[in-house]
Amino acid sequence: MSNNHHNTNRLTSAEMGKLWVAYTGNTMATCVLSYYLQHVEDRDIKKVVAKALKLSEKLVNNIRDIFMQEKFPVPIGFTSEDVNLGAPRLFADEFYLHYLKYTSKAGMSIYAIAIPPIMTRKDTRNLFIETFHETEKLINEVNDTLMKKGFYTPPPQIPIPEKVDFISKQNYLNGFFGDIRSLHALEIAHLYDDNENNTASKALLIGFSQVAKNEKVKKFMLKGKEITANHIEACSQMLNKEHLPTQPLLDDLVTTSNFAPFSDKLMLWHKIDMFSMKIRSYANAASLNGRRDLGVMHGRFMVDIGKYVQSGANIMIDHGWMEQPPKATNRKELTDNKE
């Protein structure tokens, strides 16, 4: 049967979903970055934060235009009611750079998947392509500033191979018993990336747990801090066994303020969103390693996060904070409710 009857100018489910999540996430980002901009003192870091804020605001406006053009209900997302720009400083300037790298990597993951072939409309496709490249430039600027300020911890160094080699023994996959090989470059890269993300996440959780007003939200943040600390410890042990360095913690970049700059709704959604992105990161790491112990470790991490995210979603739902993403027609409901 021919599919020529489909209107290629209508938003597809993929486009609706990606536009919806990008819009919601960037309304949250504009709140957070606007607050950061109130307190940043270092000129170089302020320039990067301002650039990130401008990028988020531009994306929100562009997506809103598409929604209005298509008569698509514009999500509420997050507004000025979810941020208190007059709240005292919660993080040191250095943290803003680590935060931007942490969140921009998650954003790039969303934008990259949205790029063809999943996007068919030219306007949405070009929007995500442009946003991906702008986010890529932002991360490069973040890295350059981290290095300039002496805040950057590079991935561990390993020797250049002396020759091309092939795997000849099944014990290459060992991880728990017997002859266990050393970590290869991709495994090291992902352990480094895990810790880079988690050290920023842990500092954010410490700050959020200090200022959360709702007791359930506070306990959620503290549980997230515990999970994240355990994951950092596990990854660090893997690296340390090979005499490879790990990133320092960023806990000291959180101030002692307990005055909330953000609503509990924003903080809860933010951590649910970022922990959900960790599942993708851990799955990618698991797919590229060869040692069984690493595969089991990342599998356990994903189970931890799956349960954690679900508990956070329950809090969101209980408080009426979770917006409904676009969904397919429930044909059974239509049939059951017909007159």
Does the stretch 117-128 include one or more residues that are in a helix (DSSP H, G or I), open to solvent by less than 20 Å² (accessible area, probe 1.4 Å) and under 30 Å from Thr255 (Cα atoms)?
-> no
How about the stretch 7-40: which of its residues are part of a loop (DSSP other than H, G, I, E, B) and of a type in the set (A, V, I, L, M)?
-> Leu11, Val40
Which residues, counting only those in the stretch 277-300, are of a type in the set (Lys, Arg) and outside any helix (DSSP H, G or I)?
-> Arg291
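Give the stretch 301-339 a look and list any residue that's open to solvent by less than 70 Å² (accessible area, probe 1.4 Å) and not in a loop (DSSP other than H, G, I, E, B), or say none.
Taking the stretch 301-339 and keeping what is open to solvent by less than 70 Å² (accessible area, probe 1.4 Å), we get 301-302, 304-306, 308-309, 311-313, 315-316, 320-321, 323, 325-326.
Those that are open to solvent by less than 70 Å² (accessible area, probe 1.4 Å) and not in a loop (DSSP other than H, G, I, E, B): Phe301, Met302, Asp304, Ile305, Gly306, Tyr308, Val309, Ser311, Gly312, Ala313, Ile315, Met316.
If we scan the stretch 286-296, do we find a residue that is of a type outside the set (A, V, I, L, M) and touching a His at 6+ places or on another chain (Cβ under 8 Å)? Walk me through how you get there before you give the answer.
Going through the stretch 286-296, the residues of a type outside the set (A, V, I, L, M) turn out to be 287, 289-293, 295.
Retained after the next criterion (residues that are touching a His at 6+ places or on another chain (Cβ under 8 Å)): 289-290.
Taking every residue of the stretch 286-296 in turn, at least one turns out to be of a type outside the set (A, V, I, L, M) and touching a His at 6+ places or on another chain (Cβ under 8 Å).
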Residue check, Gly86 against (1) within 20 Å of Val254 (Cβ to Cβ); (2) touching a residue at least 60 places away in the same chain (Cβ under 8 Å); (3) not polar (S, T, N, Q), all met but one. Which one?
-> (2)
Filter the stretch 259-276 for residues that are open to solvent by 30 Å² or more (accessible area, probe 1.4 Å) and in a helix (DSSP H, G or I); the one that is nearest to Gly107 (Cα to Cα) is Asp273
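The values are calculated or read from the model by the stated rules, or taken from the named source; none is laboratory data. Nothing here was measured: the structure is a model prediction, and the numbers come from that model. Because the Cβ atoms are built from the backbone with ideal geometry, glycine has one as well, and the counts that use them run over all protein chains shown. For the accessible areas, the whole protein counts, side chains as well, though only heavy atoms, and no ligand, DNA or RNA atoms are used. Shrake-Rupley method; radii C 1.70, N 1.55, O 1.52, S 1.80 Å.
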